[in-house]
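Structure record follows, encoded as structure tokens.
The values are calculated or read from the model by the stated rules, or taken from the named source; none is laboratory data. What you see is a predicted model; the values in this text were computed from it and never measured. Cβ coordinates were reconstructed from backbone atoms using ideal geometry, including for glycine residues, and neighbour counts include every protein chain displayed.
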Amino acid sequence: MENSRRRARVTERTCDGVDCRFLRRSIHLGKNNMIHRIVVTGLMLAGLSSSVLASNGRNPGSLLLYPEFDNRDGVATILTVTNVDSVETNDSIDVEFVYVGRYGANNADLGCSEFNRTETLTPADTFTCLTNYHNPDADQGYAFLYAKDAQTGEAITHNFLIGNVVTLDGYAQFEFSVNPVSYKGINADNGDGNLQLDGVEYGGTPGEIIIPRFLGQTPVRQSELILISLTGGADDHTIVDFLIFNDNEEIFSSEYTFRCWDRVRLRNISLLFRNNFLANFTNNDKGEILGAPHVESGWMHIQGHLWSDGQVSYPDPSIYAVLIERVGNMGASDLPFEMGDDRTNGVLRAVVSGS
């Protein structure tokens, strides 16, 4: 691991020295360019079925984590939660929405402030909202919601919640949708003001996030990674480790530090994601991508490395990551694959609202 880490850092500096910030190739118009776009888009959309094909599928839960809401001008986010319990309890439940705002107007830092609402779902009910109406206080961030007792306001185990979130960017003519991360309620009645993702109150968080494919980054392909810290507060910093593989089993490493929530372009995380680096500075497979060999690809492994609040720090924090793959104004996203649910230090604050 250390050898590959040192190798990657040297490679990044070398690559930077010859200016591999962009792959400056002419865009060929006509039939070949159309085929190229179809191939790349097809590769992106193929990833949409990956999680559905997992052996256990995705299951309803008591707590849903939505990787992003985007309320910026010209952008609309449509968030849905559905209570699929139509038989077992036959009771209405309350659902607490918690919007964690990272950025406000003009990219102002909101310090991961929270905005809460409560909605009541009857059996087999579904609720959909535009998040800029449901939460007018923030432009960008993430959201989570959980089932709670309508009388006491305390979190309850109600593993019947499913959902979806769609983002429509009118300016970029770009859209994508993704399901929330579902956490099974085990003994959700915690009473301490926190929702512990520890395998006791709710299911634990994955030890490793695995994304099966990314495309080499260029001015046309500018994919973004959403990162969420599931440990700590607004002023804390989380370092995540990346193992980045090219299309020929070569491995490199990098790291990135963020606060609370971030949506960052892959090329700004590391030079290792750039098509020029993958094509010209690694021993890549010259025949891949099959059918579009000038487009490089790879896959990545992500895990939390270190959490710190400036005074206290500890290793292996809980994080989550979602890739938004973009080619021009086309894009797709899906939940990643996970390995292990053994992280028990995940926590989300449960601030009960009266709205």
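All of Tyr183, Tyr142, Tyr133 fail the test of being free of Cβ contacts under 8 Å to residues at least 12 places away in the same chain and more than 13 Å from Glu96 (Cα to Cα), apart from Tyr133. With respect to Phe277, is the statement that it is over 21 Å from Asn329 (Cβ atoms) and at pLDDT 95 or above true? So Phe277 passes the test.
For the range 64-97, the set of residues classified as in contact with a Leu (Cβ under 7 Å, 6 or more places away or on another chain), part of a strand (DSSP E or B) and more than 23 Å from Glu175 (Cβ to Cβ) consists of Asn83, Ile93, Val95, Glu96, listed by residue number. Scanning the range 137-153 for any residue that is more than 19 Å from the chain's Cα centre (by Cα) and among the basic types (Lys, Arg) turns up at least one such residue. Within the range 322-349, take every residue that is outside any strand (DSSP E or B) and in contact with a helix residue (DSSP H, G or I) (Cβ under 8 Å, 6 or more places away or on another chain) and give me the one that is surrounded by the most Cβ atoms within 10 Å (Cβ to Cβ). The qualifying residue surrounded by the most Cβ atoms within 10 Å (Cβ to Cβ) is Asp334. Being touching a residue at least 40 places away in the same chain (Cβ under 8 Å), out of contact with any Asp or Glu (no Cβ under 7 Å at 6 or more places or on another chain), surrounded by fewer than 21 Cβ atoms within 10 Å (Cβ to Cβ) and not aromatic (Phe, Trp, Tyr) is the requirement here; does Ser92 meet it? Considered against the rule, which asks whether it is touching a residue at least 40 places away in the same chain (Cβ under 8 Å), out of contact with any Asp or Glu (no Cβ under 7 Å at 6 or more places or on another chain), surrounded by fewer than 21 Cβ atoms within 10 Å (Cβ to Cβ) and not aromatic (Phe, Trp, Tyr), Ser92 comes out as yes.
Every residue, every condition in (1) of a type outside the set (Val, Ile, Thr); (2) closer than 24 Å to Asn276 by Cβ, yes or no:
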{"position": "Gly199", "(1), (2)": "yes, no"}
{"position": "Gly204", "(1), (2)": "yes, no"}
{"position": "Ile211", "(1), (2)": "no, yes"}
{"position": "Glu224", "(1), (2)": "yes, yes"}
{"position": "Thr231", "(1), (2)": "no, no"}
{"position": "Thr238", "(1), (2)": "no, no"}
{"position": "Asp241", "(1), (2)": "yes, yes"}
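The strands (runs of 3 or more DSSP E) located wholly in the range 105-178 that include 1 or more residues which are among the aromatic types (Phe, Trp, Tyr) and over 27 Å from Ile93 (Cβ atoms) occupy 174-178.
Going through (1) assigned by TED's automatic domain parsing to the domain that holds Ile319; (2) within 20 Å of the chain's Cα centre (by Cα) one by one, Leu195 falls short only on (1).
Those residues that are without any contact (Cβ under 8 Å) to a residue 40 or more places away in the chain and either closer than 20 Å to Arg259 by Cα or part of a strand (DSSP E or B) (or both), I need them from the range 281-315; list them, please. Once the filter is applied, which keeps residues that are without any contact (Cβ under 8 Å) to a residue 40 or more places away in the chain and either closer than 20 Å to Arg259 by Cα or part of a strand (DSSP E or B) (or both), the range 281-315 yields Gln311, Val312, Ser313, Tyr314, Pro315. If you go through the range 205-222 and keep only what is under 17 Å from the mean Cα position of the chain (by Cα) and either of a type in the set (D, E, K, R) or more than 27 Å from Val295 (Cβ to Cβ) (or both), you end up with Thr205, Pro206, Gly207, Glu208, Arg213.
Can we say Asn276 is assigned to a loop (DSSP other than H, G, I, E, B) and either touching a residue at least 12 places away in the same chain (Cβ under 8 Å) or touching a Phe, Trp or Tyr at 6+ places or on another chain (Cβ under 9 Å) (or both)? Against the criterion (assigned to a loop (DSSP other than H, G, I, E, B) and either touching a residue at least 12 places away in the same chain (Cβ under 8 Å) or touching a Phe, Trp or Tyr at 6+ places or on another chain (Cβ under 9 Å) (or both)), Asn276 does not qualify. Residue-level check: of (1) in contact with a helix residue (DSSP H, G or I) (Cβ under 6 Å, 6 or more places away or on another chain); (2) assigned to a loop (DSSP other than H, G, I, E, B), Arg267 misses just (2).
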